[in-house]
Structures are given as C-alpha cells and as structure tokens.
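**Student:** Sharing a structure, written as structure tokens. Questions coming.
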Amino acid sequence: MRVKVLGTRGEVEPSSPYHAKHSGVLVDSEVLLDLGEREFLDLNPRVVFITHLHPDHAFFVNEPAEVSVPLYGPEGFGKNPAVNIRVLEGAVDFGAYRVTPIPTHHSLRVKSQAYLLQKGAERILYTGDMVWIDKEYHPLLNGLDLVVTEGSFDRRGGRVNRDAKTGKVYGHTGVPNLVRLFKDFTGNILITHFGTWFYEDPRGAVRKLQELGRENGVNVIAACDGLEIDLVKGMGSPSVINCPTPDCPCL
Ligand SMILES: [Zn+2]
Ligand SMILES: [Zn+2]
C-alpha cells in the first residue's frame with residue numbers, strides 16, 4: 001500500500017508551511033481516512049472513513065457541504081442531509097481492501113473509532129484521536145506494518161480527563177504512551193495530527209519523535225503534509241519514504 005499523508009495539523013491555531021492542513025491520509029489514491037479539509041475530496045477518493053465527528057477530522061461538521069462519495073463513520077450525521085454517513089459497526093470489504101472499525105476512547109460527545117485496513121497481507125492501523133483502545137481489541141493489532149496515530153501532546157499522559165458521573169476517560173493521551181502501546185504490534189509508527197508543542201520547534205520536535213522511537217526499539221516517523229510511504233511486506237520498515245518539500249524538517 002502507498003500511504004499519503006494529506007494533513008498533519010490538529011485542532012490548533014499554529015501552523016507551519018509543512019504542517020498546515022487538518023487530518024487526512026490517502027491510501028493508494030483510493031481510500032481516504034479522515035476528511036479534515038474539503039479539498040481532499042478533489043483527489044477523488046473512492047471511499048472515505050471518518051474516525052469521529054470533530055471538525056479537524058470531518059470538515060463538514062462546521063461548514064456547509066455536500067459529500068457524494070461513500071462515507072463511513074462511527075455514527076450518523078443528522079445536521080446536513082447532503083452528508084450521509086453510513087455507520088460502520090463491523091468489517092466491510094471495499095475492492096481489494098478490508099476495513100475493520102476498532103472503537104477508541106476519545107470524546108464524551110462523539111463516538112470514535114480507528115480503522116484497520118488490510119490489503120492482501122499488508123495491514124495498517126489508522127487511529128485518529130485517542131486515549132486508549134480496549135484490551136479486547138488488541139489481538140486484532142498483531143503484525144501491523146504501520147500504525148498512523150496522533151501527536152497532540154508530546155508529554156507522557158497527554159491531556160486525559162475522567163467524567164465524574166460515568167468514569168469514562170476522554171481527551172488525548174501522549175505520544176510516549178502511544179508508542180508504548182503500539183510498539184508491541186508494529187515496527188513503524190507514523191505520527192500526525194500535531195498539537196501546539198510541535199509548532200514551537202518543528203525540527204526539534206521531529207528529532208524528539210525519532211529519539212522516542214530509538215528508546216523504544218521502533219521506527220517513529222514524523223509526518224508532514226504530503227509525506228508518502230510505500231509499504232513493502234516483509235521489509236520490516238517502510239521501504240520508501242518520500243517528502244515532497246526539500247527543506248521540510250520531517251526526515
Ligand atoms: Zn483531532
Ligand atoms: Zn477529536
């Protein structure tokens with residue numbers, strides 16, 4: 001599979017030329033994971049999977065829109081009849097791909113799910129925003145070629161709250177926690193959806209992520225808008241990583 005990162009910015013104001021657009025990852029020019037910007041539709045994906053209904057992952061939440069491509073997500077969207085989300089509760093086959101939703105903990109107000117994308121023997125996990133994935137789903141994660149997850153917070157623990165009434169946790173865990181969680185399931189972790197910490201010093205932030213990878217014996221890659229990864233099964237690490245902009249700090 002060829003993984004192209006379309007946007008790397010979380011729901012934050014700061015921006016950089018290489019990390020400006022909201023979340024989106026395009027696989028093989030066909031399958032789009034998250035729709036943080038309207039312009040991603042101009043790339044004509046055949047199908048879109050949304051992790052949750054926050055505007056940095058689903059631009060249409062706060063904007064007038066019409067989406068004609070098949071759109072799947074964890075819950076329906078009643079606000080706009082021109083945006084029809086099909087609720088995905090189990091695995092679906094789409095051309096050469098099998099897409100399996102995996103529930104995540106992230107928000108009290110909206111439902112959220114990660115997507116396991118399989119094509120032949122290749123397997124990718126795309127998480128969107130998250131605090132945690134319940135243990136019962138961990139067996140699904142064995143032998144992933146790549147995990148694409150979020151970088152809202154670089155500090156351990158991130159920003160996680162607990163609802164006093166229900167005891168449910170919500171927010172974003174930290175990148176160190178995500179690396180610790182996913183290193184047992186993959187050798188390659190691509191971090192996207194950056195928070196303000198990243199924009200203070202993008203070059204330093206990239207080094208910090210790479211160092212975190214070394215400490216954990218896993219390849220941690222900092223994404224940028226436009227970064228492409230070609231996965232080749234059995235290579236252990238992605239065989240080709242392409243950044244479109246020569247002076248981008250990502251590699
Ligand atoms: Zn987000
Ligand atoms: Zn969110």
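**Student:** Would you grab the residues whose amide H sits under 5 Å from the one on Ser23? Only those 5+ places off in sequence or on another chain, please, with H modelled 1.01 Å from N.
**Tutor:** Arg9, Gly36
**Student:** Let's see if you can work this out: charge +1 on each Lys and Arg Cβ, -1 on each Asp and Glu Cβ, no other charges. What is the dipole magnitude of the chain about its Cα centre, in debye to the nearest 20?
**Tutor:** Its charge dipole is roughly 660 debye.
**Student:** Decide, for the chain, between rounded, prolate and oblate: order the square roots of the alpha carbon gyration tensor eigenvalues as a ≥ b ≥ c, take rounded if a/c falls under 1.5, and otherwise choose prolate if a/b is larger than b/c, else oblate.
**Tutor:** Taking the square roots of the gyration eigenvalues as a ≥ b ≥ c, the chain is rounded.
**Student:** Further question: Considering only protein heavy atoms and a 1.4 Å probe, what is the carbon-and-sulfur percentage of the accessible area of region 2-242?
**Tutor:** 46
**Student:** Show that you can apply the helix-only estimate: for the chain, add -39,500 (n - 2.57) for every DSSP H stretch of four or more residues, divide by all residues, and state [θ] at 222 nm to the nearest 500.
**Tutor:** Estimated from H runs of four or more residues: -3000 deg cm²/dmol.
**Student:** Another one. Taking R0 as 41 Å, what's the FRET efficiency between Gln210 and Lys135 from their Cβ-Cβ distance, rounded to 0.05?
**Tutor:** 0.90
**Student:** Additional query: Using per-residue counts of other Cβ atoms within 10 Å, averaged over each peptide, order 75-84, 124-133, 91-100, 4-13 from highest down.
**Tutor:** Put in order of decreasing packing, that is 124-133, 4-13, 91-100, 75-84.
**Student:** Another question, if that's okay. What list of ³J(HN,Hα) couplings, whole Hz, do you get for region 63-68 from phi and the Karplus terms 6.51, -1.76, 1.60, once you set θ to phi - 60° and write x for glycine and proline?
**Tutor:** Computed from phi, the couplings for region 63-68 are 9, x, 7, 9, 10, 9 Hz.
**Student:** Across region 210-226, in residue order, what do the Karplus-derived ³J(HN,Hα) couplings come to in whole Hz, using 6.51 cos²θ - 1.76 cosθ + 1.60 with θ = phi - 60° and x for Gly and Pro?
**Tutor:** Result, ordered by residue: 5, 5, 4, x, 4, 4, 9, x, 9, 7, 9, 10, 8, 7, 9, 5, x Hz.
**Student:** Let me ask something else about it. Which whole-angstrom value gives the distance between the alpha carbon centres of region 46-75 and region 137-206?
**Tutor:** The distance from the Cα centre of region 46-75 to that of region 137-206 comes to 22 Å.
**Student:** With a probe of 1.4 Å, find how much accessible area the chain has per residue, and write the answer as a whole number in Å².
**Tutor:** That works out to 44 Å² per residue.
The values are calculated or read from the model by the stated rules, or taken from the named source; none is laboratory data. Every value quoted in this text rests on a predicted model; they were computed, and no experiment measured them. When we count neighbours, we look across all protein chains shown, and the Cβ atoms used for this are built from the backbone with ideal geometry, even at glycine. These accessible areas exclude ligands, DNA and RNA; they are computed on the full protein's heavy atoms, side chains included. Shrake-Rupley method; radii C 1.70, N 1.55, O 1.52, S 1.80 Å.
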